[in-house]
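Worksheet: one structure, shown below.
The values are calculated or read from the model by the stated rules, or taken from the named source; none is laboratory data. Just so it is clear, the model here is predicted, and its values are computed rather than measured. Every residue, glycine as well, gets a Cβ built from its backbone with ideal geometry; the counts of neighbours run over all protein chains shown. The protein model used for the area step is the full one, side chains on, heavy atoms only, and it has no ligands, DNA or RNA in it. Shrake-Rupley method; radii C 1.70, N 1.55, O 1.52, S 1.80 Å.
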Amino acid sequence: MRRSTRLFELIQILRASEKPMTAETLASRLEVSERTIYRDIAALQAMRTPIEGAPGLGYVMRRGYDLPPLNFDEEEVEALRVGLSMLARTGDSALQQAASRICQKIDALHDPAEWLQVAPWGAPPDDPALGCVSKADLRAAIRDERKLRLTYRDAEDRETERVVRPVALIYHLDCTMLAAWCELRDGFRHFRCDRIWGCEALDTYFTGQAEALRLIWQERNQWEERGVG
């Protein structure tokens, strides 16, 4: 997480809290050290962010501090709520956590809407112990244009090892699929994330190729069943 993003999230956590939060709790939420939290709070206080407290006692945000409101009408807010709730069906734990943070920000500005409900069943959670690789790692590789070495098992449980250039992540209701240029097959293939049993980010990049590969993939593939694995 970039420092600017972490500082923003720290503000949001303190704004949403009803009681003082210790540096230990904040460090656990943001997955950093307590020393980093102390430095971040000192930096925010130096920028006149109204954070009060001390080590050992906890920190609170003085009431009245706010960020510019989200300029959405009622239906747009409801659309956001439903869309964010549906992320629970993707099995992407990192996106689910991000969705939860966004919902907290919406709740701080709008009335709750418990009457909007989305069933959570869908793709399996991205738990490597269950044979489902972290989707956050796949998204990072796509953004970084970084090659991956996959251990993949097809529908007949045949295992192969592939080096791929990931270009897109496709969220279906019952599974999530990685679209990639497969060097073993010398072509585009789709890999169900719940069948990727091993995923290693290589020190090899395909910098500058991703956009062109994605355009070719979009022209040639409509992510039907053909080409899976």
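Values as computed for the structure displayed
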{"item": "Rounded accessible area of Ile102 (nearest 10 Å², 1.4 Å probe)", "result": "70"}
{"item": "Local electrostatic count at Ile102 - Lys and Arg +1, Asp and Glu -1, tallied over other residues with Cβ under 12 Å", "result": "+1"}
{"item": "Kirkwood estimate for the range 115-214, i.e. one over the average of 1/r between Cα atoms, Å", "result": "14.0"}
{"item": "GNM result for the chain, Cα springs below 10 Å: residue of Arg214, Arg192, Arg165 fluctuating most strongly", "result": "Arg214"}
{"item": "On Cα atoms only, tilt of 74-86 relative to the major axis of the chain in degrees", "result": "60"}
{"item": "Apportionment of accessible area to carbon and sulfur, the chain, percent (1.4 Å)", "result": "50"}
{"item": "Point-to-point label distance, Asp144-Gln104, nm (Cα→Cβ direction, 7 Å offset)", "result": "2.6"}
{"item": "Of the GluC sites (Glu not before Pro) in the range 132-180, those whose Cβ has at most 10 other Cβ within 10 Å and which sit in DSSP loop", "result": "Glu156"}
{"item": "Alpha-carbon centroid distance for the pair the range 78-105 / the range 138-202, whole angstrom", "result": "24"}
{"item": "The range 1-105, dipole about Cα centre (Lys/Arg Cβ +1, Asp/Glu Cβ -1), debye to the nearest 20", "result": "480"}
{"item": "Helix axis angle, 93-107 relative to the chain longest principal axis, alpha carbon, degrees", "result": "40"}
{"item": "Qualifying chymotrypsin sites (Phe, Trp or Tyr not before Pro) for the range 98-161 [loop in DSSP, other Cβ within 10 Å: at most 14]", "result": "Trp115, Trp121"}
{"item": "D_trans [Stokes-Einstein, Kirkwood Rh over alpha-carbon pairs] for the chain, 4 °C, 1.567 mPa s, µm² s⁻¹", "result": "64"}
{"item": "Rounded accessible area per residue of the range 24-67, 1.4 Å, Å²", "result": "66"}
{"item": "Solvent-accessible area of Asp111 with every protein chain in place, 1.4 Å probe, in Å² to the nearest 10", "result": "130"}
{"item": "Neighbourhood charge, 13 Å Cβ-Cβ cut-off, centred on Tyr205 and excluding it, Lys, Arg +1 and Asp, Glu -1", "result": "+1"}
{"item": "0 to 90° range, to nearest 10: angle between helix 135-144 axis and the chain longest Cα axis", "result": "80"}
